[in-house]
Amino acid sequence: RFEGGMRVSSKEVVEVAEMVLCASVNKNIASAICGAGGRAIGLSGRDDDLLQCTKQIDPSGYDLEFVGKVEVVNTDLLTSLLDMGLTPVVSPIGCGMGPDHATCYNVNADVAAGRIAGELKANRVLFLTDIAGVLNKQMELLDSLNVDQVKGLIDDETITGGMIPKVTYATDAVKLGVKGAFITDGRVPHALLNEVLGGGGSGLGSGKGGTIVTL
C-alpha cells in the first residue's frame with residue numbers, strides 16, 4: 001500500500017524488490033544501452049555503499065517499515081565510472097549506515113534519482129510519470145514552477161498522492177545545484193529522448209510538454 005505517495009515496504013517486499021530491480025530490470029536496461037552502442041554497468045545502491053540510508057520517517061506518523069531515506073551518495077564511485085565512459089544504471093535499493101549497515105532499504109526511485117543528480121550537480125534530472133506533468137485543479141498543465149510555488153501547491157492540495165514525492169525531490173535536486181528538474185509523461189513515445197536532445201544546455205526543458213521545476 002501507499003502512504004503519502006510512498007510505498008510501505010516490509011522486509012519481504014524489499015527482498016522481492018531487490019531481486020527484481022537489481023537483477024532482471026537493472027541488467028536489461030544496461031544491456032539495452034550497450035546494444036544501442038553505448039557503455040553501461042548495472043549497479044545496486046548497496047554496491048560500494050552507493051546509497052547509504054536511514055529509515056524514512058513519514059511526517060504523518062505512518063510506519064513505512066523498510067523505506068530508506070538517502071543520507072549519503074557515493075559520488076566517487078559514480079564519477080569514476082562516468083570518467084571511464086560508462087553509464088551507471090542504479091537500482092534504488094540502499095544499505096543502512098553504521099550498526100544498521102546490513103539492513104536493506106527500498107528507496108523511492110524518484111528520491112534516488114533526485115539525490116544522485118543533486119550530489120553530482122547535474123545539469124538536469126528527468127522524472128517520468130503517467131500524466132502530462134504537474135496539473136492544476138482544473139487539470140491543466142503547469143509548464144514551469146519554482147520551489148516556492150511547489151510548496152504552495154502541496155499545501156493547498158493541488159499536488160497530491162504520488163506526485164508529492166516527485167515534486168519534493170525535484171525541488172531538493174535543484175536546491176542541491178541541478179539547474180532544472182523536468183517531470184514529463186513517460187507514455188509519450190520517445191519522451192526521454194525528446195527531452196535529452198531537445199532541452200539544449202539550459203536544463204530548462206525542451207518545450208515539448210511536461211513541467212520544469214527550478215529555483
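The values are calculated or read from the model by the stated rules, or taken from the named source; none is laboratory data. Everything numeric here is computed off the predicted structure, so don't read it as measured data. Using ideal geometry, Cβ is built from the backbone for each residue, glycine included, and neighbour counts are taken over all protein chains shown.
General remarks:
- Within the range 104-163, if we keep just the residues that are assigned to a loop (DSSP other than H, G, I, E, B) and either in contact with a Cys (Cβ under 8 Å, 6 or more places away or on another chain) or basic (Lys, Arg) (or both), the residue that is surrounded by the fewest Cβ atoms within 10 Å (Cβ to Cβ) turns out to be Lys137.
- Checklist (1) within 26 Å of Val20 (Cβ to Cβ); (2) of a type in the set (Val, Ile, Thr); (3) modelled with pLDDT of 95 or more applied to Val111, failing item: (3)
- Among the criteria (1) surrounded by fewer than 16 Cβ atoms within 10 Å (Cβ to Cβ); (2) in a loop (DSSP other than H, G, I, E, B); (3) free of Cβ contacts under 8 Å to residues at least 40 places away in the same chain; (4) not small (Gly, Ala, Ser), the one Pro99 does not fulfil is (2).
- Hits in the range 27-68 (condition: among the aliphatic types (A, V, I, L, M), without any contact (Cβ under 8 Å) to a residue 60 or more places away in the chain, more than 16 Å from Ser80 (Cα to Cα) and in a loop (DSSP other than H, G, I, E, B)): Ala36, Ile57
- For the range 164-201, filtered to residues that are of a type in the set (Gly, Ala, Ser), assigned to a loop (DSSP other than H, G, I, E, B) and under 23 Å from Glu140 (Cβ atoms), the residue that is modelled with the highest pLDDT is Gly186.
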